[in-house]
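One structure is given below, encoded as structure tokens.
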Amino acid sequence: MNKETNKNQRRILLMGGTSDSISILNMLKESFPDVFVLTTTTTDHGARIAKTIEIGEVVSRSTSDKTLTDYIKEYSINLILDASHPFAKNGRLSGIDASKNTKIDYIRYERPYLDINGLNLKHFENVFMVESFEEASIIISKNLPNNKVFHLGGVSTLNQTLKYLDPKDVLIRILPHNTSIQKATEMEINPKNIIAIEGKFSKNFNKALFKEYNINAIITKESGIAGGLKEKIEAADDLNIYIFLVKRPNIKELNGKLIINDLEDLKELIKKVKMRKE
């Protein structure tokens, strides 16, 4: 464990587990040779990916009862860099609380929104912005008889989609982990409707899946370009499929916080990080 303190060293706690956090780790490794980064993830899967960058240390909070405040004190961290998923509301709140508890800076790296208007969709009228997966499922159940729905929001939100839709009519794409597959089957998703695969997929790949399974609606998060949203929307648009986009959660606690969505801007900010006083 690299807990030895150096008052002139940048010591960053990166809330990771996303593709954004991998880009940030690569930037930090290239631009700040002396930086120490403690990357925290909420899953073992995210931790394994982060370790491939070989910078600092990585901990999976799924196997630890320590809080972010504990880690900050233990590793003498002087900056919290929150690159958690746009829909990980609890993660952001814990990061903000930890910054208050320890009186160190908090920066939120927010992946850019996708400009849907700039996609030149042929069937823009098929796009619906909703507040939740549950709202999407209500609209679909009332307006799309004989529906075949592709849930693209991960297994953690599947229960919301199934509140008003029959499991036999729902397909889901999830990470190829036993726990995820087990959760989906426990919610009565037919095994043939579970697509366990990892990655950001091309428009053509998405299109082939939608076509093969006769999908007439998809429900997905507004996860930005980094989340493969553009490819999902364009594939569905080509097939004249309904698109339900779940909005990112509005977190009032972020008001007044520093929010960055460009890596170059982030690099300049990190150069100015206030070192922790002993």
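The values are calculated or read from the model by the stated rules, or taken from the named source; none is laboratory data. Every value quoted in this text rests on a predicted model; they were computed, and no experiment measured them. Reconstructed Cβ throughout: ideal geometry from the backbone, glycine too, with neighbour counts over all protein chains shown. Calculation scope for accessible area: heavy atoms of the full protein, side chains included, ligands and nucleic acids excluded. Shrake-Rupley method; radii C 1.70, N 1.55, O 1.52, S 1.80 Å.
Rounded to whole numbers, the Karplus 3J(HN,Hα) couplings from phi for segment 158-169 are 4, 4, 5, 5, 7, 4, 10, 10, 6, x, 5, 9 Hz, using 6.51 cos²θ - 1.76 cosθ + 1.60 with θ = phi - 60°, and x at Gly and Pro. Remark on Lys221: its backbone amide H falls under 5 Å from those of Val246, a criterion applied only to residues 5 or more positions apart or on other chains, H modelled at 1.01 Å from N. Given +1 at the Cβ of Lys and Arg, -1 at the Cβ of Asp and Glu and no other charges, the dipole of segment 83-218 around its Cα centre is 280 debye to the nearest 20. Working note: Karplus 6.51/-1.76/1.60 with θ = phi - 60° gives segment 95-105 the couplings x, 5, 4, 5, 5, 5, 5, 10, 6, 10, 5 Hz, where Gly and Pro are set to x. In this structure, the residue pairs whose Cα-Cα separation is over 20 Å, taken from Lys29/Lys203; Lys200/Lys221; Lys122/Lys203; Lys183/Lys207; Lys122/Lys168, are Lys29/Lys203; Lys183/Lys207; Lys122/Lys168. A probe of 1.4 angstrom, applied to the heavy atoms of all protein chains, finds Phe128 with accessible area near 80 square angstrom. Rounded is the label for segment 1-107. Its Cα gyration tensor axes, ordered a ≥ b ≥ c, give a/c under 1.5. Ranking Ser31, Ser137 by solvent-accessible area of protein heavy atoms (1.4 Å probe, all protein chains present), from largest to smallest, gives Ser31, Ser137.
Rounded to the nearest 500, the helix-only mean residue ellipticity at 222 nm of the chain stands at -10000 deg cm²/dmol, with each DSSP H run of n ≥ 4 adding -39,500 (n - 2.57). With all protein chains in place and ligands, DNA and RNA left out, the 1.4 Å accessible area ranks Arg248, Arg11, Arg61 as Arg61, Arg248, Arg11, largest first.
A Cβ-based charge dipole, computed about the Cα centre of segment 1-122 with Lys and Arg at +1 and Asp and Glu at -1, lands at about 200 debye.
Rounded to the nearest whole Hz, the Karplus-based 3J(HN,Hα) values (6.51 cos²θ - 1.76 cosθ + 1.60, θ = phi - 60°) of segment 206-211 follow the sequence 4, 4, 5, 5, 4, 6, with x at glycine and proline. Charge dipole (Cα centre; +1 on Lys/Arg Cβ, -1 on Asp/Glu Cβ; no other charges) of the chain amounts to roughly 480 debye.
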